[in-house]
Amino acid sequence: MEEEQALETDGLLPLERQLHEAARRNNIGRMQELIGRRVNIRARSHVGRVALHWAAGAGHEQAVRLLLDHEAAVDEEDMFGMNALLLSAWFGHLRILQILVSSGAKIHCENKDGLTLLHCAAQKGHVPVLEFIMEDLEDVNLDHTDKLGRTAFHRAAEHGQLDALDFLMGSGCDHSVKDKEGNTALHLAAGRGHVAVLQQLVDIGLELEEQNAEGLTALHAAAEGTHLDCVQLLLRAGSDVNALTQKKLSCLHYAVLGGSEDLCRALILAGGCTNVANHQGTSPLHLAVRHNFPALVQLFINARSDLDATDNDHLSCRDPSGKSLTFKQDHRQETQHLRSVLWQLASNYLRPHEWKKLAYYWEFTETHVYAIEQQWTGTRSYQEHGHRMLLIWLHGVATAGENPSKALFEGLVTIGRRDLAESIRKKVNAEPAAPRRCTAM
């Protein structure tokens, strides 16, 4: 620890270094002694830090007041553009932030990366600081972007700060804004593996198939990061497992590059096509061979991959019996409200074997049902089975030009759930609700 402190205070004279360390430790007596000896309180380390930075970052109210009383510069920046105000927001020291504001600190400040007070507090999840910024400071732009084009909402999502995310939504931030790379908050949460945040973003209705500048959806981002939980969540929510990027990369391509057997298996069982080739004519199987992943090679062989596949339009997949399955899931924007209702139906209302009854009523074959059943296991796997079946059914209804509300009602009545049929019909016919905003506690 002593060596670390010495490195952080390089470039200082011995007494100046002692002042910095006393400020960091809130050693008021030693600080007063050194100040009395006229040690320069504005002396900078090799990274531009002054004593006030250490006191503010550590949350030491006495040290901060002492330095300000002796005319420490309140807006002094280090080489990263961080001043005492930004440091107090970053580390969540609300009282220090209030003292600095009262002492005339500039509230509309940014560091070298363009991070504002809101960005700092959101990224680190300090809700009381966010509340103070929004309620007590003037002219705060909730959707101000940093150098990467990211808002505080982006930063909260990227770093898994669920409470901060809820507060920002409750304050009316823009949910759909994209950063300079075209990423939404959904991309960032999925790419970092933040399941709870991702679930919240899915619940408020962010578009699952939104693509960034390279054509990646949130599912691609989760697969690229090998975040299995996030991939499964997005698949359950209806993400298109076979969406392609601008370079014709599927989620399976990214899963192979990550070397994840579990992830590849999950994508295959969700209908991921093993034969799709990217812009260079390379399929996931080819990648597995090239990168020497024997377990993945065997997995794709077992899935009956076409060793010679190079056709990007060949998206038919096969079930364990070897029969070709051409049924697809519905992912259209115009059915988003209905898909949300179907997810609720599968997750909360259908009993364990009722999804099969519906499937057989709608003339799913034994092969289809078997293929769906192979995707998930466990005592509550019927929820995922039912959800995928309903999405496949919805695609078929749309293709046939039928009324999904009427067909769903009739199906539920047929399996003896008239009460549920009435309830679900009301939800299907209701106007889609505005994105839910959570109020900070």
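The values are calculated or read from the model by the stated rules, or taken from the named source; none is laboratory data. This one's a predicted model, so the numbers in the text were calculated from it and none came from an experiment. Positions of Cβ are backbone-derived with ideal geometry, glycine not excepted, and every protein chain shown enters the neighbour counts. Quick note on the areas: whole protein, heavy atoms, side chains included, nothing else; ligands and nucleic acids left out. Shrake-Rupley method; radii C 1.70, N 1.55, O 1.52, S 1.80 Å.
Quick notes on this one:
- Selection of segment 116-142 for residues being within 17 Å of the chain's Cα centre (by Cα) and open to solvent by less than 40 Å² (accessible area, probe 1.4 Å) yields H119, A122, Q123, G125.
- Every condition in (1) more than 40 Å from the chain's Cα centre (by Cα); (2) surrounded by 18 or more Cβ atoms within 10 Å (Cβ to Cβ); (3) part of a loop (DSSP other than H, G, I, E, B) is met by R38 except one, and the failing one is (2).
The rows are residues; the columns are (1) over 36 Å from the mean Cα position of the chain (by Cα); (2) surrounded by fewer than 22 Cβ atoms within 10 Å (Cβ to Cβ); (3) outside any helix (DSSP H, G or I); (4) touching a residue at least 24 places away in the same chain (Cβ under 8 Å).
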| residue | (1), (2), (3), (4) |
| --- | --- |
| A43 | yes, yes, yes, yes |
| V47 | no, yes, yes, yes |
| A55 | no, no, no, yes |
| E76 | no, yes, yes, yes |
| L87 | no, no, no, yes |
| Q98 | no, yes, no, yes |
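- Residue within segment 240-262 that is under 21 Å from L391 (Cα atoms), of a type in the set (D, E, K, R), part of a helix (DSSP H, G or I) and open to solvent by 10 Å² or more (accessible area, probe 1.4 Å) present: no
- Which numbered condition F91 fails, given (1) closer than 16 Å to L117 by Cβ; (2) open to solvent by less than 50 Å² (accessible area, probe 1.4 Å): (2)
- Hits in segment 100-143 (condition: assigned to a helix (DSSP H, G or I) and within 15 Å of H154 (Cβ to Cβ)): L118, H119, C120, A121, A122, Q123, K124, L130
- Any hit, segment 4-15, residues being modelled with pLDDT under 95, out of contact with any His (no Cβ under 8 Å at 6 or more places or on another chain), open to solvent by less than 30 Å² (accessible area, probe 1.4 Å) and not aromatic (F, W, Y): yes
- Criterion: closer than 23 Å to F80 by Cβ, of a type in the set (S, T, N, Q) and open to solvent by less than 20 Å² (accessible area, probe 1.4 Å) - qualifying residue of T151, T145, T184: T151
- Test: residue in segment 428-441 that is open to solvent by less than 40 Å² (accessible area, probe 1.4 Å) and modelled with pLDDT of 85 or more: no
- Filter pass, I107 being of a type in the set (A, V, I, L, M, F, W, C), surrounded by fewer than 19 Cβ atoms within 10 Å (Cβ to Cβ) and at pLDDT 95 or above: yes
- Looking only at segment 289-303, and only at residues there that are in contact with a Ser or Thr (Cβ under 9 Å, 6 or more places away or on another chain) and either part of a loop (DSSP other than H, G, I, E, B) or open to solvent by less than 20 Å² (accessible area, probe 1.4 Å) (or both), the one that is farthest from T367 (Cα to Cα): L296
- A196 under 20 Å from Q383 (Cα atoms), open to solvent by 10 Å² or more (accessible area, probe 1.4 Å) and of a type in the set (A, V, I, L, M, F, W, C): yes
- Just one of the listed residues (R380, R388, R417) is touching a residue at least 60 places away in the same chain (Cβ under 8 Å), more than 17 Å from R339 (Cβ to Cβ) and not aliphatic (A, V, I, L, M), namely R417.
- Residues of segment 398-410 satisfying the condition of being surrounded by 13 or more Cβ atoms within 10 Å (Cβ to Cβ), closer than 16 Å to R339 by Cα and either modelled with pLDDT of 85 or more or under 26 Å from the mean Cα position of the chain (by Cα) (or both): P404, S405, A407, L408, F409
- Applying the condition of being open to solvent by less than 20 Å² (accessible area, probe 1.4 Å) and over 19 Å from D113 (Cβ atoms) to segment 155-167 and asking which residue is farthest from the chain's Cα centre (by Cα) yields F167.
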